[in-house]
Amino acid sequence: MERETIFSAARVLLPHGVWLAPGAVFVRGGRIEEIGEPKRLHTRSASADRIDLCGHALLPGMVNAHAHLELTGLAGRLPRGADFGAWVRGLVQARARSSAGELERAAASGARMCLGGGATTVGDLDATGCAERVFAGRSPSS
């Protein structure tokens, strides 16, 4: 039997910026089956897990439209300065000194950071192919 969960919240964001308050989301097998009023959805399944997010809002996952996940590991390693061009050159050099394994671990860490911040979709500009290998399961370091 597929796992069923009903998430109840003070508000649920619907398409076109419409709020359902209070609202609930019925999930079966990891997929949203229905969104509606909590009283109605709680009758859907007697065996569903119930999670009450009292006082919180449920929103769709956010989109990070421009990321460089393989550069996550370089955070804080480059000096900041007024010359953007010099900073970019230093970034490219630091990436070139990084191993494929380091970049792959950084890409995975960056993805976890995105998800932890609510971004479920990422437009990653992957100059090395490291993120693609990690998420396709072809990483030799995974």
Nitroxide proxy distance, nm - points 7 Å out along Cα→Cβ at residue 3 and residue 120: 1.5 nm
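For the chain, divide the Cα radius of gyration by the Kirkwood radius and give the resulting Rg/Rh value with two decimals.
Checking Rg against Rh, the ratio lands at 1.15.
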With point charges of +1 on the Cβ of Lys and Arg and -1 on the Cβ of Asp and Glu, referenced to the Cα centre of the chain, which listed residue (137, 100, 8) lies farthest in the positive direction of the dipole? 100
If one compares the long axis through the Cα atoms of helix 84-97 with the longest principal axis of the Cα atoms of the chain, the angle in degrees, nearest 10, works out at 90 degrees
Using alpha carbons only, how many degrees (0 to 90, rounded to 10) separate the axis of helix 100-116 from the longest principal axis of the chain? 30 degrees
Here the relative contact order (percent) of the chain, from C-alpha pairs under 8 Å and at least 6 apart, is 23 percent
Considering only protein heavy atoms and a probe of 1.4 Å, how much of the accessible area of the chain is carbon and sulfur, as a whole percent? 58 percent
Dipole magnitude (debye, nearest 20) for the chain, charges at Cβ of Lys, Arg, Asp, Glu: 200 debye
For the chain, dividing by residue count, accessible area per residue (probe 1.4 Å) in Å² works out to 66 Å²
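The values are calculated or read from the model by the stated rules, or taken from the named source; none is laboratory data. Because the structure is a prediction, the values reported are computed rather than measured. A quick note on method: Cβ atoms are made from the backbone with ideal geometry, for glycine too, and the neighbour counts reach across all protein chains shown. Please note that ligands, DNA and RNA were not included when accessible areas were found on the heavy atoms of the full protein model with its side chains. Shrake-Rupley method; radii C 1.70, N 1.55, O 1.52, S 1.80 Å.
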